[in-house]
Number of protein chains: 6
Amino acid sequence: MENEAFFSSDGDIMIVPQLGKLSIMTEFGQLEAEAWHIVVIPRGIKFAVSVDGESRGYYTEVFDGHFKIPDLGPIGTNGSANARDFEIPKAKYFDQTDDFRIVQKYLGKFFEYTIPHNIFDVVAWHGNYYPFRYDCHHFNTIGSISYDHPDPSVFTVLTCQTPDAGLAAIDFAIFPPRWLSMEDTFRPPYYHRNTMNEFMGNVAGTYDAKEKGFAPGASSLHSCMSAHGPEAEVLEKASTCDLKVNIFVMKIIFSLKKLEKGA
Amino acid sequence: MENEAFFSSDGDIMIVPQLGKLSIMTEFGQLEAEAWHIVVIPRGIKFAVSVDGESRGYYTEVFDGHFKIPDLGPIGTNGSANARDFEIPKAKYFDQTDDFRIVQKYLGKFFEYTIPHNIFDVVAWHGNYYPFRYDCHHFNTIGSISYDHPDPSVFTVLTCQTPDAGLAAIDFAIFPPRWLSMEDTFRPPYYHRNTMNEFMGNVAGTYDAKEKGFAPGASSLHSCMSAHGPEAEVLEKASTCDLKVNIFVMKIIFSLKKLEKGA
Amino acid sequence: MENEAFFSSDGDIMIVPQLGKLSIMTEFGQLEAEAWHIVVIPRGIKFAVSVDGESRGYYTEVFDGHFKIPDLGPIGTNGSANARDFEIPKAKYFDQTDDFRIVQKYLGKFFEYTIPHNIFDVVAWHGNYYPFRYDCHHFNTIGSISYDHPDPSVFTVLTCQTPDAGLAAIDFAIFPPRWLSMEDTFRPPYYHRNTMNEFMGNVAGTYDAKEKGFAPGASSLHSCMSAHGPEAEVLEKASTCDLKVNIFVMKIIFSLKKLEKGA
Amino acid sequence: MENEAFFSSDGDIMIVPQLGKLSIMTEFGQLEAEAWHIVVIPRGIKFAVSVDGESRGYYTEVFDGHFKIPDLGPIGTNGSANARDFEIPKAKYFDQTDDFRIVQKYLGKFFEYTIPHNIFDVVAWHGNYYPFRYDCHHFNTIGSISYDHPDPSVFTVLTCQTPDAGLAAIDFAIFPPRWLSMEDTFRPPYYHRNTMNEFMGNVAGTYDAKEKGFAPGASSLHSCMSAHGPEAEVLEKASTCDLKVNIFVMKIIFSLKKLEKGA
Amino acid sequence: MENEAFFSSDGDIMIVPQLGKLSIMTEFGQLEAEAWHIVVIPRGIKFAVSVDGESRGYYTEVFDGHFKIPDLGPIGTNGSANARDFEIPKAKYFDQTDDFRIVQKYLGKFFEYTIPHNIFDVVAWHGNYYPFRYDCHHFNTIGSISYDHPDPSVFTVLTCQTPDAGLAAIDFAIFPPRWLSMEDTFRPPYYHRNTMNEFMGNVAGTYDAKEKGFAPGASSLHSCMSAHGPEAEVLEKASTCDLKVNIFVMKIIFSLKKLEKGA
Amino acid sequence: MENEAFFSSDGDIMIVPQLGKLSIMTEFGQLEAEAWHIVVIPRGIKFAVSVDGESRGYYTEVFDGHFKIPDLGPIGTNGSANARDFEIPKAKYFDQTDDFRIVQKYLGKFFEYTIPHNIFDVVAWHGNYYPFRYDCHHFNTIGSISYDHPDPSVFTVLTCQTPDAGLAAIDFAIFPPRWLSMEDTFRPPYYHRNTMNEFMGNVAGTYDAKEKGFAPGASSLHSCMSAHGPEAEVLEKASTCDLKVNIFVMKIIFSLKKLEKGA
């Protein structure tokens, strides 16, 4: 992707790489991303993505709000995704006067135009509206240390709130490696249904509610209030196995809400 | 305490027994309480306390708001103190026409008057303003399952919010037995200071930031922004001991804020 | 309707029977309903309706919010629809392993799938998200006891609020039997127009703004800001008749707002 | 009161005359007031009161908020105290250069100073911060027209809200003449207790919960959560008398809250 | 336009005349408007427009909220568009019984019906929902009196807020004649992009960011986050010209947001 | 001040030097301050002040909220005090084991204790709760550029909001040098009264409402709703002098509200 850039007037974009390395040039500088990273490009910011070999991942765009760290309630001022771990690019400059093509997505349609210089010509910047990268290894996972499972919302990394109090357009949550040491508790996720539509992708590892058939790069979607949970085989195994303290491998799940409200 | 009752017009009362059994008669019926229980009597509700032998405990009154389960944020709809575990008395009836003395606390002063019948003569009741008991054994403790300590607010059982968003008049928090399995983390509480004034009592067990000299029944007070934390000896021991997964014993801590704002 | 159930992922459903008896099986148990009852099935809850002979009624689905008792303002903590009068089903169990068909409404379209057992197999439940029935005979009607008519909003039973303060997606209001004893006041509803679209149905009785041609089972719709009110004949009669205190018969009116905002 | 004026820096003042006529000169013009009127002088506005013969009444000052018509909830946009019935003075001019004494109340203490001209020298004014008069005969009383009593808050004329949602510093309510035609209902006010401190005065007529001993000009005070209600004799009489539709005479009741929060 | 009226059920209408005089008959009376005026007709209010010769202007309709003076923040209680300068019609009466055609716009479609009398037959009215006119000459323009440009939002006349805090459906802003005396500052508007879509019209004068080709009556549209600003020629001229205090001529700019959210 | 530090548990402190240079050591590092600077030390942060020769200034402490940049309303995202101009200290380290005395102010009383090392021993810090300095020369002054004066709130630098919407505990405002070029307008501040108590100090220059007798270092206090404004002589002069565009010199004014609400 040379002499080209893209921006969306419709909303913030989140990119979740699963395979391969992405080099994402933005007006604010460059971001490198691979598995375990997430990258957010805010509405209207121009960017261009280069890949190095085979690559695969997840991508979403949200039409309400912006991706933000949720208000953590009793968890307090630290915990979950800490503000200090979000990485912001430094300005990078291309001094080129070739033709440069820009593609805009606006109200769900694509438009394009050409300008006579490289759009990535920013020598310095100042402000608080910028793309960023987050490495999910930094996630400070919170959970039960007594008994029972909290709701999966406890694994929320970023949320896009709507003016309906408590209603998010998107919550992005992960199921990272963690210690499950609660007592008298069935360990895999319980059978459940959500008012949020739940889209799940596997970035790495095995998902404990579905040990087979959900390889990295796979994805699943459960629509609003469709019940789902561990299979009978998983129920059997988790109910009878030895309850030793153990570590689970990583999964990334992101749920979509209000997907009917596009531009 | 016979033919007598008390009520406070100034605010909600919380009782935290540490030694002995309390029998608390209220207009809504009777509550039995001992160590690990807390009892809340709302503003204006008449009650009388009987003790059986030696007894000791903690008592506080709050002039703003009511004791409520905090909004749990990402912890979700269950976790911490679950609504279903709060116990409500059943109506109990005394049909007596002896003189009955009532003591009222109003704007910090005491008043009394006598009526010609037992005030505890309620045969049935309906509503949502009542005294209750909570057994702290039911607390669903949440904490880090990766690394680091969350803020102690994660142990909040009940809170009295003020109209200042995020500012509580009182948070009642406990440090119950729990599994601490986070990695690369100094285990006792870290050195810190709060804008909240912190009053702490020990209901049972040993406090890991102060292993000696803080027996059950003791209490400590750290005023707003006074720094405190584990002693040098605790620091030394916790930094060098073997990091095995372990269970800690129970402590109950309650912090006071805005104590300057009495009636 | 045997071995079948339906659920909507799009919103809460309200059923207002006018003729005949409905037997509504839900995951939470069974609700019987006939004229003067309303039944609400929340988003995502599976149910099946059986009728006994001829039946007729009104049905609506709302895409924003949930049906709730409105905040009553100066009317206080009791009045209008009292919380205690809403009836909740008890769990009911079918132990069947026949094929069972489930139809889902999602984003305005229908989907279906089959499971190998009766979905109504709940032996007990706990929570605060459930279907319910309300008998409009219990409505504690509030009105003027001096002069003039209040706005019809004073007859609101349930409302679905939106994040626009003061803007409901739906208000469900009734015009039940009541004493009109205000002085110096024209008794039928006055001529008016609303920003809310007004859908009205007659469950029983005669409507005093339209004495003929609006029989039980009929319905009318006035779109946003279309003026409407009593006919000339009604005006004439109500202006000249003797002003004795009287009782009016029942009508149920429900107005729709934001009907343009479907899934 | 000549060549003198008073103002309070501490809060809004409400005057409720019971006997005699008051002539209240303000910076905005003159207000005449007698029984059934209320007058509000906002914080900081200078005024002087002249009486004509014997006079008596009630006076209160509020340290939080301003006197406002409450948000009426389902009662809607009209009802209770209608905005159009509040009377605002017209500018009135004194062209005098005599010494003029001004007394200020500030943080609960009195201060005074003299200026060389009449302070009431305003020839015209513009704005939305002014004293006003309300004639309680205009009150559009709302109540039950089916069964039961609503909370007395339904009679609120003006309220001073605090930042605690739902908590007023003062509610000023009246019990005006009205039609009580609800069925199956004990007619006098029921036995009750409030978190609000309740100060009551009688402007005119007989109070149905206390038929004797509460003459016009009398007043009573029930502190926070002190129970009160009709006497045994009233209970007996109202339980056995014939339930005919009748009109009650006027009483004015105003309750005080947070009276401990003075300047 | 005789014996005809129009109303929109979809939202408030704003009319900005640029050429010619409009005579706008409404249910509340008549409004005359020409260049420098704006007229707002609220949702559902019937009106008819007569022109006198050639006429031209701008028209918009908004589906969320109502046109209101923005909360001015530190600017205080006066400044920008002062409430006192909005002009409200007086009732005007036509006593005609000819056929009268009414056209309604509802959910983006047109409907019509005929009534047997002139709809403009209002002899008096009372309320706070009415059409109005504002003369932009009255705008109290606020700006920098030290250095730099504030955001163009400082020129907002009216706004239609949405429930998203800080997000307007439409802001109507003007660039009226004003004194630009800030020091060390490039005077024309700077190069920028908005999340709001920006529609601009020229009512009178020359626009300093585009001195040629944007005559009165012209309009431009920049979609969400499309960058725009002064041309190279303007940059050159404004960077080198003598910095004398001067007056700029009038322009009216109105920006659209959430234009995708129609009825 | 050696081997000593002070902190207040009661609230944030603001220091406004008028004469001399202050060297303020804090736990976060050192801040130098002189005339035109303001320094804020948050509640609970330890600090020590050294002076170099004669020094004088203003000092205030606030018991509600924290000093923050006000929400600017239509002024937008930049203007008034820009976030980027607030200066934050860098960590500075003293490695001393002498006795060190700490004085605490708590609930209006003083307490002290001694520790065996210098409290200013912070080698690095991270967070968002810190002391800061602001140089008022950076203030981006906003005002009328057409006619009339805005309210003095337009000069607000920092505010301490209370939970009463729109009510500040303190607003700190300045009257810096600026261009007054509005037309048809009396230039000095108009005669007025505030609900806020107004404390004013002169840091440098001449105050145009009181040209004599208010030298740098002086201060004045006008209590709630006490009227004040330019003297007769100033009125005369400003009404008749030539209206040339001019620059005014600096004054700093800070108003106090709710001063009755101490700890």
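The values are calculated or read from the model by the stated rules, or taken from the named source; none is laboratory data. Bear in mind the structure is a predicted one, so any value in this text is a computation, not a measurement. Every residue, glycine among them, receives a Cβ derived from its backbone with ideal geometry; neighbour counts consider all protein chains shown. The accessibility values were calculated without ligands, DNA or RNA, using every heavy atom of the protein model including side chains. Shrake-Rupley method; radii C 1.70, N 1.55, O 1.52, S 1.80 Å.
Below, the figures for the structure above:
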{"item": "Pseudo-label separations to other copies for F:HIS192 - Cα-to-Cβ vector, 7 Å, nm", "result": "2.7, 4.3, 4.4, 4.4, 5.5"}
{"item": "Interchain or long-range residues, amide H under 5 Å from F:ALA91's placed H", "result": "F:TRP125"}
{"item": "Beta bridges by DSSP in the protein assembly as shown, antiparallel share as percent, to the nearest 5", "result": "90"}
{"item": "Size descriptor, Kirkwood hydrodynamic radius, that averages inverse alpha-carbon separations across chain C, Å", "result": "20.1"}
{"item": "Largest-first ordering by accessible area, 1.4 Å probe, given options A:TRP179, F:TRP125", "result": "F:TRP125, A:TRP179"}
{"item": "7 Å along Cα→Cβ, label-point gaps from C:ASP151 to other copies, nm, shortest first", "result": "2.0, 2.8, 3.2, 3.2, 4.0"}
{"item": "Solvent exposure ordering (accessible area, 1.4 Å, most first) of A:GLU87, C:GLU32, C:GLU2", "result": "C:GLU2, C:GLU32, A:GLU87"}
{"item": "Neighbour-limited loop hits for chymotrypsin sites (Phe, Trp or Tyr not before Pro), region F:31-123 (at most 14 other Cβ within 10 Å; DSSP other than H, G, I, E, B)", "result": "F:PHE94"}
{"item": "Ascending list, in nanometres, of distances separating the A:LEU167 label from those of the other copies (7 Å, Cα toward Cβ)", "result": "1.2, 1.2, 3.0, 3.2, 3.3"}
{"item": "Solvent-accessible heavy-atom area per residue, rounded to whole Å², over the protein assembly as shown at 1.4 Å", "result": "45"}
{"item": "Ranking by accessible area, most exposed first, for E:ILE119, E:ILE102 with a 1.4 Å probe", "result": "E:ILE119, E:ILE102"}
{"item": "Accessible surface of D:ARG84 - all protein chains present, 1.4 Å probe, nearest 10 Å²", "result": "150"}
{"item": "Rh by Kirkwood over Cα pairs, then Stokes-Einstein D for region A:53-112 at 1.306 mPa s and 10 °C, µm²/s", "result": "94"}
{"item": "Backbone HN-Hα couplings from phi across region C:223-230 [Karplus 6.51/-1.76/1.60, Hz, Gly and Pro as x]", "result": "6, 3, 6, 7, 6, 7, x, x"}
{"item": "Probe 1.4 Å - accessible area at B:VAL234, Å² to nearest ten", "result": "10"}
{"item": "Cα→Cβ-extended label distance, 7 Å offset, between A:SER219 and D:ALA215, nm", "result": "8.5"}
{"item": "With eigenvalues of the C-alpha gyration tensor scaled by 5 and rooted, the protein assembly as shown, Å", "result": "47, 47, 43"}
{"item": "Surface accessible to a 1.4 Å probe, C:VAL203 within the full protein complex, Å²", "result": "10"}
{"item": "J(HN,Hα) series, region A:94-103, from Karplus relation 6.51 cos²θ - 1.76 cosθ + 1.60, nearest Hz, glycine and proline x", "result": "10, 9, 10, 10, 6, 5, 9, 9, 10, 10"}
{"item": "Cα-based Rg and Dmax for region A:120-217, where Dmax is the largest Cα-Cα distance (Å)", "result": "17.3, 59"}
{"item": "Region F:1-110 - Rg over Rh from alpha carbon coordinates, Kirkwood radius", "result": "1.00"}
{"item": "Relative contact order computed over chain D (Cα-Cα under 8 Å; 6+ residues apart), in percent", "result": "19"}
{"item": "Fluctuation leader among F:PRO42, F:PRO116, F:PRO176 - chain F, Gaussian network, Cα springs under 10 angstrom", "result": "F:PRO116"}
{"item": "Region B:5-26 versus region C:166-182: alpha-carbon centroid distance in Å", "result": "44"}
{"item": "Over 19 Å (Cα to Cα) - which of F:LYS46/F:LYS109; F:LYS68/F:LYS92; B:LYS46/B:LYS105; D:LYS21/D:LYS109; A:LYS237/C:LYS46; A:LYS46/A:LYS90 fall in this group", "result": "F:LYS68/F:LYS92; D:LYS21/D:LYS109; A:LYS237/C:LYS46"}
{"item": "Fraction of antiparallel bridges per DSSP, region C:67-204 only, in percent to nearest 5", "result": "95"}
{"item": "C from F by rotation - nearest chain F beta carbon to the axis, in Å", "result": "F:ALA165, 7"}
{"item": "Distance in nm between pseudo-label sites at D:LYS68 and E:VAL122 (7 Å out along the Cβ direction from Cα)", "result": "2.7"}
{"item": "Amide hydrogen neighbours beyond the local backbone of C:ASP121, cut-off 5 Å, H modeled", "result": "C:PHE94"}
{"item": "Per-residue ³J(HN,Hα) for region A:151-158, Karplus 6.51 cos²θ - 1.76 cosθ + 1.60, θ = phi - 60°, Hz, x for Gly and Pro", "result": "4, x, 4, 5, 9, 5, 8, 9"}
{"item": "Förster radius 30 Å - calculated FRET efficiency between D:PHE110 and F:SER55 (Cβ-Cβ, nearest 0.05)", "result": "0.20"}
{"item": "Accessible surface buried upon C-D contact (total; probe 1.4 Å; Å², nearest 100)", "result": "2500"}
{"item": "Placed amide H near D:SER8: partners under 5 Å, 5+ positions off or other chain", "result": "D:GLY44, D:ILE45, D:LYS105"}
